[in-house]
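S.K.: Have a look at this one.
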Amino acid sequence: MDVETAIRTRRTHKAYGPDPVDRATLTALLDLGRWAPNHHLTNPWRFRVLGPVAVERLKAAVGPEGATKLDRAPTLVAVSYVRTPDDPAADEEDLLAAGSAAYAILLGAHARGLAGYWRTIGVLNEEAGRAAIGLPEGEHAIGVLHLGTPRQEQRVPERAPLADVLTFLD
């Protein structure tokens, strides 16, 4: 699958088959994330593959309503980045780099016939959520990637016309 096709056809999935993504494929996907652009090659992203015990801890931290959403996909990857609080510009660049890494993982999963879903979970920035995934001081969680085999086709979402979001400046 070429890059443009991957970008235009990737969809958010919330229904997955039961089988987890195998370790070799998962490792290859996370390796793709490392190739996201990042200023000064800081490599700010961190990936945590959540096993059954970590998922149970996160379910306890998020509460009953949010816990059911964690059961949607058989493979969960928490994505965070190392903060640079003394340099706001670098901190923002590193946040955006980690977001780019997460998107690269989702595109790579899609190109391999897998489904994905990027979910931000507020509790990951609270003490209970941080402890559930072993997030140390100095890291900020940007979300959890849900990965697995798709169980359904997703509709093509409407997008704003390009003219609504594009400005050419003189």
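S.K.: Could you tell me which helices of the chain pass both thresholds, a Cα extent of 20 Å or more along their own axis and a mean Kyte-Doolittle hydropathy of at least -1.0, with helices taken as whole DSSP H runs? Walk me through the intermediate numbers first.
M.R.: Numbers: long enough: 88-111 (34 Å, 0.59).
Length and hydropathy pass: 88-111.
S.K.: Just grab the label-to-label distance for R34 and T9, each label 7 Å out from Cα along the Cβ direction, in nm (one decimal).
M.R.: Reported label-point gap for R34 and T9 is 2.9 nm.
S.K.: For segment 1-86, what are Rg and Dmax over the alpha carbons, in angstrom?
M.R.: 15.6, 44
S.K.: Hey, what number do you get for the chain at 222 nm if only DSSP H runs of n ≥ 4 count, each worth -39500 (n - 2.57), divided across all residues, to the nearest 500? All intermediate terms of the calculation are to be shown ahead of the outcome.
M.R.: Details: 7 runs with 70 residues, N = 170.
When only DSSP H runs of four or more count, the value is -12000 deg cm²/dmol.
S.K.: Report the label-to-label distance for A160 and R119 in nanometres (one decimal), using points 7 Å from each Cα along the Cα→Cβ vector.
M.R.: Label at A160, label at R119, 2.7 nm between them.
S.K.: Convert each backbone phi in segment 65-73 into a coupling constant with the Karplus relation 6.51 cos²θ - 1.76 cosθ + 1.60 (shift: θ = phi - 60°), then list the ³J(HN,Hα) values in order as whole Hz, x for Gly and Pro.
M.R.: Going residue by residue, I get 5, x, 4, 5, 5, 6, 8, 5, 10 Hz, with x marking Gly and Pro.
S.K.: On a full-extension model of 0.36 nm per residue, what is the gain between V82 and Q152, subtracting their alpha-carbon distance, rounded to one decimal in nm? Intermediate results must be reported in sequence, preceding the final value.
M.R.: Values: separation 70, 0.36 × 70 = 25.20 nm, distance 3.55 nm.
Fully extending the segment from V82 to Q152 adds 21.6 nm.
S.K.: A follow-up question, please. Per 0.36 nm of contour for each residue apart, how much would the distance between M1 and E126 grow if the chain were fully extended, relative to their Cα-Cα spacing? Let's see the in-between values first.
M.R.: Values: separation 125, 0.36 × 125 = 45.00 nm, distance 3.90 nm.
Full extension from M1 to E126 adds 41.1 nm.
S.K.: Same structure, new question: Using the Cα centre of segment 19-150 as origin and beta-carbon charges of +1 (Lys, Arg) and -1 (Asp, Glu), tell me which of G116, Y103, W45 is placed farthest towards the positive end of the dipole.
M.R.: G116
S.K.: Order the peptides 64-74, 158-168, 98-108 from the highest to the lowest mean number of other Cβ atoms within 10 Å of their residues. Intermediate results must be reported in sequence, preceding the final value.
M.R.: Working: 64-74: 14.5, 158-168: 7.0, 98-108: 21.7.
The densest-packed peptide leads the list: 98-108, 64-74, 158-168.
S.K.: Moving on to the next point. When Lys and Arg each count +1 and Asp and Glu each count -1, what net charge do the other residues less than 12 Å away from R8, Cβ to Cβ, add up to?
M.R.: Numbers: positive: R10, R11, R159; negative: D2, E4.
Net charge around R8: +1.
S.K.: Candidates (1) 23, 18, 16; (2) 27, 21, 16; (3) 25, 23, 16; which is the computed semi-axes √(5λ) of the Cα gyration tensor in Å?
M.R.: (3)
Any read-out appearing in this document is the output of simple, stated calculations on the displayed coordinates, not a laboratory observation. Just so it is clear, the model here is predicted, and its values are computed rather than measured. All Cβ positions, even for glycine, are placed from backbone atoms using ideal geometry, and neighbour counts span all protein chains on display.
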